[in-house]
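Student: Dropping a structure here in C-alpha cells format, bear with me for questions.
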Ligand code: BEZ
Ligand code: FE
C-alpha cells in the first residue's frame, strides 16, 4: 500500500498483523494501534510534542533498575494499574477487595512467628494488629501466609533507605494458626508521597497533581485453594483518602485503626488494628 494518509494508515498497520500466529497478541496490538492513532488524531499531536513524549518515555526507562520501576509508577499514576486490578479482580460478595501492588514488596521478607515486632527499629507509634483469614462462609483458613509491608513514620520503605543496605524492616511474613488468626506488632503508617525525583514526578508537577498516598499497610494473603489477595488497609482520617495519587482507595479497605492514649498493651500511646480478610476460592481451570 502506498500514498498512506491520516485516514487509512490505521487500517494499513493493522493489516500487517494478518499473519500474527497468536490471536490474543494480534487483538492487543491491533487495539493498541487503533487507540494510539485515534489519540494522535484527536489531539492533533505536533512533531515537537511527539519528540517530548519520546524523551519522557526514554527518561522513564533510564530511571528503572532492580529497585526502582518508573514505568509501574507511571502506570499507577495514570490509573492503568488500578483499572487492570478492577477488571481482573472481581470476587464473590463478601470477599476482600484488592488494590494496587506497588513497587515496594520484596520476596525475601523475614518469616516471623505470631506476635513478632515487624518494625525492626523503624520510627513510629506502636501498632498492634490482629488478623484473621477466612473463606466466604466465615470458616477459618489455617496456614495462610500473611505478607505485610509498610512505610515508616517518615513515609519511607526500608528499600528507599540506602543506609539500611539489605536490612529489612517494617515488613514480615506470618502464617495463620488453626483458628485462621495471627497477630503482630509494627508501627502506625503515615501518608507519604510516591517517588518524585524522576520523570513521573515532573509529570505530576506539570499537570498540577500532588504525589501523596493516604496512610496504609500492604498485605499479600495466600493459601492453597484460594485466590491470592493483594491489598492494603487504609487509616482514617487521612487528608488523601479521596485523592490517592494511584487511585487505590476502596471504602471496604478502611481499617479499624484505634488510637489509645494509654492501655495494657504498652507503656505509652499505641494504636490497635483488627481485620478479617476473606479469601475467594480459586477459579476453576480456564475460567
Ligand atoms: C505503594 O503503596 O507502596 C505504592 C503504590 C504505587 C506507587 C508507589 C507506591
Ligand atoms: Fe505503600
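Student: Here is a list: 121, 102. Which entry is farther than 28 Å from residue 179 by Cβ and either within 16 Å of ligand 2 (Cβ to nearest atom) or free of Cβ contacts under 8 Å to residues at least 40 places away in the same chain (or both)?
Tutor: On the way: 121 fails: either within 16 Å of ligand 2 (Cβ to nearest atom) or free of Cβ contacts under 8 Å to residues at least 40 places away in the same chain (or both).
It is 102.
Student: Related question: Among what's in the stretch 240-268 and is more than 16 Å from ligand 2 (Cβ to nearest atom) and touching a residue at least 12 places away in the same chain (Cβ under 8 Å), pick the residue that is nearest to the chain's Cα centre (by Cα).
Tutor: 252
Student: Next question, about the same structure. Checking the conditions here, which among 142, 95, 109 is outside the structural domain of residue 13 (by TED's automatic domain parsing), part of a loop (DSSP other than H, G, I, E, B) and more than 24 Å from the chain's Cα centre (by Cα)?
Tutor: Values: 95 fails: more than 24 Å from the chain's Cα centre (by Cα); 109 fails: more than 24 Å from the chain's Cα centre (by Cα).
None of the others qualify; the one that does is 142.
Student: Still on this model: For residues that are surrounded by fewer than 15 Cβ atoms within 10 Å (Cβ to Cβ) and in a loop (DSSP other than H, G, I, E, B), scanning just the stretch 80-92, find the one that is nearest to ligand 2 (Cβ to nearest atom).
Tutor: First, pick out the residues of the stretch 80-92 that are surrounded by fewer than 15 Cβ atoms within 10 Å (Cβ to Cβ): 80, 83-84, 87-88, 90, 92.
Then drop every residue that is not in a loop (DSSP other than H, G, I, E, B), which leaves 90, 92.
Working: 90: 24, 92: 27 Å.
Checked the stretch 80-92; the qualifying residue nearest to ligand 2 (Cβ to nearest atom) is 90.
Student: Now for a separate question. Could you list, in sequence order, the residues of the stretch 120-137 that are in a loop (DSSP other than H, G, I, E, B) and in contact with a strand residue (DSSP E or B) (Cβ under 8 Å, 6 or more places away or on another chain)?
Tutor: 122, 123, 124, 125, 135, 136
Student: Identify all residues within the stretch 96-110 that are more than 14 Å from ligand 1 (Cβ to nearest atom) and either at positive phi or surrounded by 20 or more Cβ atoms within 10 Å (Cβ to Cβ) (or both); write none if there are none.
Tutor: Selection gives 96 alone.
Student: Give the residues of the stretch 178-201 that are exposed (fewer than 15 other Cβ atoms within 10 Å of the Cβ) and either at positive phi or in contact (Cβ under 8 Å) with a residue 24 or more places away in the chain (or both), sorted by residue number. Before the answer, list the steps.
Tutor: Quick first cut of the stretch 178-201, residues exposed (fewer than 15 other Cβ atoms within 10 Å of the Cβ) only: 178-179, 193, 197.
Residues satisfying the conditions are 178, 179, 193.
Student: Now a separate question. Just the residues that are in a strand (DSSP E or B) and within 15 Å of ligand 1 (Cβ to nearest atom), please, taken from the stretch 230-272.
Tutor: Answer for the stretch 230-272, where residues must be in a strand (DSSP E or B) and within 15 Å of ligand 1 (Cβ to nearest atom): 230, 231, 232, 233, 234.
Student: Also, I was wondering about something else. Consider residue 138 carefully, then state whether it is away from ligand 2 (no atom under 16 Å from the Cβ) and more than 21 Å from residue 275 (Cβ to Cβ).
Tutor: No.
Student: Could I ask something else about it? Name the single residue that is farthest from the chain's Cα centre (by Cα) among those in the stretch 66-84 being in contact (Cβ under 8 Å) with a residue 24 or more places away in the chain and more than 11 Å from ligand 1 (Cβ to nearest atom).
Tutor: 67
The values are calculated or read from the model by the stated rules, or taken from the named source; none is laboratory data. Please read all numbers here as calculations on a predicted model, not as lab measurements. Counting neighbours? That spans all protein chains shown, and the Cβs are built from the backbone with ideal geometry, glycine included.
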